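The values are calculated or read from the model by the stated rules, or taken from the named source; none is laboratory data. In this text, all values refer to a predicted model and were calculated from it rather than measured experimentally. Glycine gets a Cβ as well: all are built from the backbone with ideal geometry, and neighbour counts include every protein chain shown. Ligands, DNA and RNA are excluded from the accessible area calculation, which covers all protein heavy atoms including side chains. Shrake-Rupley method; radii C 1.70, N 1.55, O 1.52, S 1.80 Å.
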Amino acid sequence: MAQQITADIAANVWKVLVSEGSAVAAGDTLVILESMKMELPIEAESAGTVTKLPVSEGDVLDEGDLIVEIT
Amino acid sequence: MMESLLVANRGEIARRIIRTARRLGIRAIAVHSDVDAGLPFVNEADEAVELGPAAPAESYRNADRILDAARRTGACAIHPGYGFLSENASFARQVEQAGLIWVGPSPAVIELMGDKINARNTVATAGMPVAPGTPEPVAGEAAAIDAAAAIGYPLMVKASAGGGGMGMAVVHDEDGLRKQYAAVSGFAERMFGDPGVLLERYYPDARHVEVQILGLADGTVVALGERNCSVQRRNQKLVEETPSPGLDPELREHMLAAAVQAGKAVGYRNAGTVECLVYGEPGAQSFVFLEMNTRLQVEHPVTEEVWGIDLVEQQLRIAAGEPPSVDLAALRPHGHALEFRVNAEDPVRFLPGPGMITTWTEPAGDGVRVDAGYAEGTRVTPSYDSLMAKLIVHADSREAALARARTALASFAIAGPKHNLPFFVELLGEPSFSDGTYSTALVTRMRAARPRT
């Protein structure tokens, strides 16, 4: 089952730590967002493979934008 | 006094500095990013220059663009506020080289105090107690274990390239150190490209107490009391007050004298803050130096309220080579003041929540002051920190100030972004806050005691 993680709030993409095709474990930090001078780590809820990663460092995200999909 | 002042900052602090400049008849020049064009500080300045896009590197942190704005507007002086370029020695140097007045300490002092190890050595030489720790990054796990044995547990394991509360862990014994040394070092390498790790004694139930100093134009250094800033989340302050409740009077005198001594030792000019940690039971308290901030602090208004002076005015007078507006040696504090940082963040987990402000109604009345950076119809963007406003209350006693805070919080109305006003209401009901015995562990303890949402 695909796991889609979206942005809870407006934020900037600070670091992207994985790429499409990466194998990840539950709890791995995938992307770090930055909003209001605070880093917000985005973690994998379950193990899988990164199948979508439409963001890159420096992107500006709105609430609800897709950050990563894990299958 | 200077004819004009460019304020190289934004939000509440830019507005607050502009207010004093205009009161003194100084032409106030704002600089701003495109997204901040509609904020009150831009409208209230005599002139405003747009620097560029929202990203700080293209606006508030861009020295070239700010100096260019100063040239074009014929500014005589630059006030950096806090954050951004305020503790950037090379910017201060550029300002002075451009023939402008820098409202702050000399570039050499900013540089000295900005380096954690130099600052520590300098104040220690001047007679201030410092926390035991490694003077440089430790060379590997074995060296860390040896150093830890000499310093004593508990310890803070810190990424030397870290900052803003990232890359830090507390350890209580050698096993913990082995685990965290590898974790922090690995994290630091991935995150900052530098695996260096420092060790420092950790004080679990300490209070954060800081001394406000002013280095005057004639070389005198004075202390204007202290502030307790122990209500913190993620090592960032939420509430500050003066005088500090539960501080031993002799310790307070010792801290103030040591801060003045440290200021004199470096030839400090203008406003500065010496941050310390106070630990131990009342009657047997000790303090250690934490760091020195070579700028105006966010929480300066509590000092202004009890001492009855305008600190920004004193900063401008010192920068212009003039004496202070009043005889500071004869000044006595009156009453008690507290500041609440009204942030665009949720009141439970303190996660940021920017957005358009649809309602903004400030409390008013005797002993109530609001320093706000935003207004109804303006937008809080993700580009900057979450501080929207500061609510400051002042009264004859701490008890009366707390009562005033309760009333003021109840009549503060904000809608749109998330905000932390409910947290302050909760805090006022917290026994250790009411009785003044709280430490920096307070907020963590409050959140551990309630279910996660």
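When DSSP beta bridges are restricted to pairs lying wholly in chain B, around 80% turn out antiparallel.
For chain B, the longest piece that avoids every one of the trypsin sites (Lys or Arg not before Pro) found in DSSP loops with at most 15 other C-beta atoms within 10 Å covers B:1-233.
Of the cross-linked pairs A:52/B:179; A:52/B:158; B:237/B:418, which ones have a Cα-Cα span greater than 28 Å in the structure shown? Let's see the in-between values first.
Numbers: A:52/B:179 34 Å; A:52/B:158 35 Å; B:237/B:418 18 Å.
As for pairs spanning more than 28 Å Cα to Cα, those are A:52/B:179; A:52/B:158.
Any lysines with Cα under 22 Å of the residue B:264 Cα? List them, leaving off those in the same chain fewer than 8 positions away. By straight Cα distance, residue B:264 reaches B:116.
Each of A:48, A:9, A:66 was placed along the dipole of chain A (beta-carbon charges, centred on the mean Cα), and the one lying farthest toward the positive end is A:48.
How many Å³ per residue does the convex hull of the Cα positions in the range B:140-201 occupy?
Working: hull volume 3.8 nm³, N = 62.
With only Cα atoms used, the range B:140-201 gives 61 Å³ per residue.
At 1.4 Å probe size, with the rest of the protein present, what percent of the exposed accessible area of the range B:207-448 is carbon and sulfur atoms? Could you put the intermediate results ahead of the total?
Working: 4230 of 8220 Å².
Result for the range B:207-448: 51 percent of the exposed heavy-atom area is carbon or sulfur.
Equivalent-ellipsoid semi-axes for the range B:288-411 (Cα gyration tensor, √(5λ), whole Å, largest first): 28, 20, 15.
Modelled spin labels at residue B:1 and residue B:448, positioned 7 Å past Cα toward Cβ, are 5.1 nm from each other.
Which FRET efficiency value, to the nearest 0.05, do you get for residue B:82 and residue B:58 by plugging their Cβ-Cβ distance into 1/(1 + (r/R0)^6) with R0 = 22 Å? The pair residue B:82/residue B:58 has a calculated efficiency of 0.65. Put a plus charge on the Cβ of each Lys and Arg, a minus charge on the Cβ of each Asp and Glu, and nothing anywhere else: the dipole of the protein assembly as shown about its Cα centre is then about 520 debye. Dipole magnitude for the range B:154-280: computed about the Cα centre from +1 point charges on Lys and Arg Cβ and -1 point charges on Asp and Glu Cβ, it is near 360 debye.
Applying a DSSP loop filter and a limit of 16 other Cβ atoms within 10 Å to the GluC sites (Glu not before Pro) in the range B:1-74 leaves B:3.
Determine the per residue accessible area of the protein assembly as shown with all protein chains present and a 1.4 angstrom probe, expressed in square angstrom. List each step's numbers first, then the result.
Details: 21040 Å² over 524 residues.
It amounts to 40 Å² per residue over the protein assembly as shown.
Whole-percent P(r), chain B, all Cα pairs, 20 Å bins from 0: 24, 59, 17, 0.
Using the Cα centre of the range B:140-201 as the reference point, and only Cβ charges (+1 on K/R, -1 on D/E), how large is the resulting charge dipole? Debye, rounded to the nearest 20. Write down the numbers at each step before the final one.
Values: 5 positive and 8 negative charges, 37 e Å.
The calculated dipole for the range B:140-201 is roughly 180 debye.
On the principal axes of its alpha carbon atoms, the range B:360-446 extends 38, 32, 17 Å, with the longest extent given first. Plugging the Kirkwood radius over Cα pairs into Stokes-Einstein for the range B:318-374, at a temperature of 10 °C and a viscosity of 1.306 mPa s, what D comes out in µm²/s? Approximately 99 µm²/s, per Stokes-Einstein.
For chain B, the mean residue ellipticity at 222 nm estimated from helices alone is -10000 deg cm²/dmol, where every DSSP H run of n ≥ 4 contributes -39500 (n - 2.57) and the total is divided by all residues, rounded to the nearest 500. Radius of gyration (Cα atoms) of the protein assembly as shown, expressed as a multiple of 2.2 N^0.38 Å: 0.98.
Its relative contact order, with pairs defined as Cα atoms under 8 Å and 6+ residues apart, puts chain B at 14 percent. Note on the range B:112-160 and the range B:295-358: Cα centroid distance 31 Å, given to the nearest whole angstrom.
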